[in-house]
1. At B:Arg35, with labels set 7 Å past Cα in the Cβ direction, how many nm apart are the copies from this one, shortest first?
2. As a check on your reading of the symmetry: which chain A residue has its Cβ nearest the axis that brings A onto B, and how far is it in Å?
3. Nearest 20 debye, what's the magnitude of the dipole of segment A:115-227 about its Cα centre given +1 on Lys and Arg Cβ and -1 on Asp and Glu Cβ?
4. How high is the relative contact order of segment A:140-291, given as a whole-number percent (alpha carbon pairs under 8 Å, six or more residues apart)?
5. For B:Glu112, place a label point 7 Å out from Cα along the Cα→Cβ vector, do the same in each other copy, and report the separations in nm, one decimal, smallest first.
6. Out of every Cα pair in chain A, what percent are spaced more than 23 Å from each other?
7. Any idea what the alpha-carbon Rg over 2.2 N^0.38 Å comes to for segment A:1-139?
8. Inter-copy label distances at A:Ala47, 7 Å along the Cα→beta-carbon direction, one decimal in nm, shortest first?
Number of protein chains: 2
Amino acid sequence: MSKTVGIIGLGLLGGSLAKALVAYAPEYNVVGYARRQEVCDAALKDACVSMASTQVEDVIQASDIVVFALPPDTSGRVFEEKAHLFKPGQVVTDVASTKTNFSHSVYKSIPEGVIFVSLHPMAGSEKGGYEMTSKDLFQKATWIVLEDKDNPHWDASVAEEFDRMGEKLGSHIRRVQLSEHDGYLAGVSHAPHLMSSIIATVGGGGEIGHYRMQLAAGGFRDVTRVSGGNPSMWREIIMGNRQCVLKELNAVEREIEKLKVILTNQDEAGLETYLADAKKIRDTFADLMLK
Amino acid sequence: MSKTVGIIGLGLLGGSLAKALVAYAPEYNVVGYARRQEVCDAALKDACVSMASTQVEDVIQASDIVVFALPPDTSGRVFEEKAHLFKPGQVVTDVASTKTNFSHSVYKSIPEGVIFVSLHPMAGSEKGGYEMTSKDLFQKATWIVLEDKDNPHWDASVAEEFDRMGEKLGSHIRRVQLSEHDGYLAGVSHAPHLMSSIIATVGGGGEIGHYRMQLAAGGFRDVTRVSGGNPSMWREIIMGNRQCVLKELNAVEREIEKLKVILTNQDEAGLETYLADAKKIRDTFADLMLK
């Protein structure tokens, strides 16, 4: 009998996961919850779910694997409300980009025997909603399966199943320790996002900003690209990871101070070394991306 | 009789300008200087110059318009050495991305009657050298013609000629006041470049950096892209504009402090407003780019 995956929230990530499973992992039966009936109707019409409901309960009760794909704060709250509905052997997961809050909610309320293995498919876009979903959203994306081996609710064979699921969807699989995930992401995603917003504000804000931006080119375009992202989504991600983001902002300030000394002292060699070291790091990353 | 444009330095910008003039503004005769005979030979073989020399003097003496396209510090030094060779009515220009240093050298040594109108074609690439040149480097680029109306060496009709030249090469023309240019560029190019290097260093450096970068995605890729640029070229650009860059770094620090307060106080509305304001600025820039 095929397993049923129930997706709570058919936005960009949840809806794309439904489409991707139907297209690339047809051994799963997919059902879904959406708050609005129109989204349920659209998903049914697209045949990316075999059942859709505006009631979370219906989806939990129909599923072997329940994927929380609501905005991160909402997912945690809804899980806490509905945790009592889960049965031993049932699997809870989520696709949130920060893990501290949702896993905290889960560990607070999860019934005995229920399995929790968290997922972070690093896919997305500045534009959300079911209408933006694609079966190919996860192609070539990084698909993180979180490890938490010391926790009795974590299960190695479910983690392996999630590895295989990500592979079928075309993603690159990574395993990351749950407790370290948010710190890593603060460094390579959440703080860079805030810095991008800051650079847009400093370079393009104020009275002369618009005029200055007429002189901006590809560098400014790329450095500030992510600052064009959805403010409400990123507010939730960054605030949900604020302790780690604060650490990164402090580290950025220490680097700025170093560079201010270098510039003030006209330390040509110091500046070139700084830029060359950063380039070495970036070139390593470019190599990583090619794999 | 067609005017002769003499290009001092046939690297990425100078060599591309030679090729672009031959292709799109054939009313000009183009000659060029390169330090190495191989580059002279290559440019002659490509027929983008009618004469090439390893002696700056040859090019100055043959030209109506002399374009300094060496690394910015070198351009200033070479101009000071050769200024006495210029004749009244001859035009000096340059393609440097900062203007304070070169224009300082020019105004110190320029003989009476010689015209100076500076140019900043905002084109380039992380990879330099004659072998990377292209006749289409200036297509859709911003081509800044610098104004300095109060200076007797500045000439309005030459500035207009440069406007037309940029148009022929496919660029968007902007006029900027010479004294304000470097401050503007610090905000939308030089400080963003340094911040990109800092974000690469903080996110991807240190012991766990390589591991963290395995979790990085499109955001990190774009924010850090320019940090992969040539360290020696950017050292020269940034150090040449260090006063303006320092001001921008101070402004970035003030914004980081604001955001640290917002995060520490869990000020959800404050964070969303900050992100939304930055997005508004970035969206304006995206609109600008479409024009």
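1. Ordered by distance, the counterparts are at 6.3 nm.
2. For the rotation taking chain A to chain B, the closest Cβ gives A:Asp222, 2.
3. Numbers: 11 positive and 15 negative charges, 111 e Å.
Dipole size: approximately 540 debye.
4. So the answer I get is 19 percent.
5. 10.2
6. 60 percent
7. The reported ratio for this selection is 0.95.
8. Here the equivalent label points are 6.0 nm apart from this one.
Each value in this text was obtained by applying a stated rule to the coordinates, not by laboratory testing. Predicted, not measured: the structure shown is a model, and the values here were computed from it. Methodologically, a virtual Cβ is constructed for each residue, glycine included, from the backbone with ideal geometry; neighbour enumeration extends over all protein chains shown.
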